Every structure is written in C-alpha cells, then in structure tokens.
1. For Leu113, which of the numbered conditions (1) over 14 Å from the mean Cα position of the chain (by Cα); (2) crowded, with 22+ Cβ neighbours inside 10 Å fails to hold?
2. Let me spell it out: the conditions are (1) at negative phi; (2) touching a residue at least 40 places away in the same chain (Cβ under 8 Å); (3) touching a helix residue (DSSP H, G or I) at 6+ places or on another chain (Cβ under 9 Å); (4) not aromatic (Phe, Trp, Tyr), and Pro201 meets all of them except one. Which number is the exception?
3. For segment 55-66, check the following and say yes or no: at least one residue is among the hydrophobic types (A, V, I, L, M, F, W, C) and assigned to a strand (DSSP E or B).
4. From Leu80, Leu106, which residue is buried (at least 16 other Cβ atoms within 10 Å of the Cβ), assigned to a loop (DSSP other than H, G, I, E, B), in contact with a helix residue (DSSP H, G or I) (Cβ under 9 Å, 6 or more places away or on another chain) and in contact (Cβ under 8 Å) with a residue 24 or more places away in the chain?
5. Of everything in segment 195-213, what is over 17 Å from the mean Cα position of the chain (by Cα) and among the polar types (S, T, N, Q)? Give them in sequence order.
6. Filter segment 142-184 down to the residues that are in contact with a Lys or Arg (Cβ under 6 Å, 6 or more places away or on another chain) and over 29 Å from Ser197 (Cα atoms) and list them by number.
7. It is to be established whether one or more residues within segment 117-135 are crowded, with 16+ Cβ neighbours inside 10 Å and in a strand (DSSP E or B).
8. Which ones in segment 144-186 are in a strand (DSSP E or B), among the polar types (S, T, N, Q), surrounded by 13 or more Cβ atoms within 10 Å (Cβ to Cβ) and without any contact (Cβ under 8 Å) to a residue 40 or more places away in the chain?
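The values are calculated or read from the model by the stated rules, or taken from the named source; none is laboratory data. Just so it is clear, the structure is predicted and the values come from calculations on it, not from any experiment. When we count neighbours, we look across all protein chains shown, and the Cβ atoms used for this are built from the backbone with ideal geometry, even at glycine.
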Amino acid sequence: MDETDAGSADRRGVRATYDRIADHFAETREYPWPEVEAFLDGRSRVPVALDLGCGNGRHAELLADRADRVVAADVSRAVLATARDRAADREFDAALVQADAARVPLGDSSVGLATYVAALHHLPDEATRRASLDELARVLAPDGRALLSAWSVTHDRFDREASFDTTVDWTLPDGETVGRYYHVYAPGDFEAAVEASGLEPVSFEVSSGNCYATVRGTAGGE
C-alpha cells in the first residue's frame, strides 16, 4: 500500500468511527460553539456558505440565517442523517453532501462564508490536513471568510507543549468504546499550518482549549 492508499484507508477509518457513534454524538452536540456565534455575528448575507465537517448541523443552522444556500459536508453518511433530522426539526435548509474534507465538491471561489470546526484534527496525516486547508482556500471567494478550529495542547486535559497524535475513546451508552484519532496542535504549529496553506490568515486565537483561525480567501487558493 503506497502513501496515498494508506491515507485513503485511514480516512475510511475516520468515516467508520463516526458512522458508528453518529446518533450518540449528535445527542451530545446540541448547541453551537460561542466562538462560531461570535464569528458569524454581524456578517453580511452571502449566496453560498459551507459547513465543512458539519456533524449534526448545529453550525449549518447558524449559517442558514446568513446565506441563500448552505452546503453541509461530512465524510460520515450516518452523521449526515442526524444533520438531516436536525434541519427538519428546526426548519432550516441545507444541502447535505457526503464528502472528504480534502476533496470538496464545490467550484473555485464559490463560498462566501464557511466554518471548519473540530474536524481538521481528525484527519489522519499532515498531507491530508494540508490538502483540506488548500481545498477550503480553493472554494473560498477572495472576499469570503472562514473560521477554522482544532484541538490544542492548551486544553486542561493535556500536560503537553508540543503537537502530538493521540486516540481518545468515545463511550457509547452500552459501554462500548470507540477510539477517535486526534492530531492535537500546539498553537504555533496550528498557525504555521494555516499560513503554509492557500488561505490568508486574518487572526488567530486560543479559546476553550482550541486553536482558532479566521481566514480570508485568495483567488482560487493561489
């Protein structure tokens, strides 16, 4: 198996993990993150918004108030089913798309507003994480804005200063545990990863144990 095939296999593992825990995961993710609400506050309405790694759609719901069309993308079909249920219950519209974060099925410079929250850190290798940032850069319009986040070593559950890889168990109601891969970022490494991509950073911050970046698009990620 070459490096590309290995990366694909690892991404299939991420999908299988979230397919397994989707319903319970959605039950524990009722509310949007305050940092996302703050990012979206006062934003002008855009034709197209993207929630990449959308989970149960809690942030797609916020984007629906600020876009004519919302694309909610996730690698897990089971997770997308929970987003569909939330959209029906809350009466908001979103186009639900099963997609790899490193292969976003949208045109160049087509997205005016995006969130990519708590998903980057699950991608299984540096090349795939970089590819996903470059894909976001490709689809984000030059005047568009996006909020990215990833788990940080500053979280109080860690006693680390350098970035590291780990597996954290998710415990289902029946007691079964399912391991979830994380790449946990030192803030400087997160900033360097964003700066090395096709995205143009606007600001960085660390909040609630997560690294955040607000970014703008460039012309097709160039």
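1. (1)
2. (2)
3. No, there is no match, as no residue in segment 55-66 is among the hydrophobic types (A, V, I, L, M, F, W, C) and assigned to a strand (DSSP E or B).
4. The unique qualifying residue is Leu106.
5. Ser203
6. If the condition is that a residue be in contact with a Lys or Arg (Cβ under 6 Å, 6 or more places away or on another chain) and over 29 Å from Ser197 (Cα atoms), then Trp170, Val178 are the ones that fit.
7. So far as segment 117-135 goes, no, none of its residues is crowded, with 16+ Cβ neighbours inside 10 Å and in a strand (DSSP E or B).
8. Within segment 144-186, just Thr166 meets the criteria.
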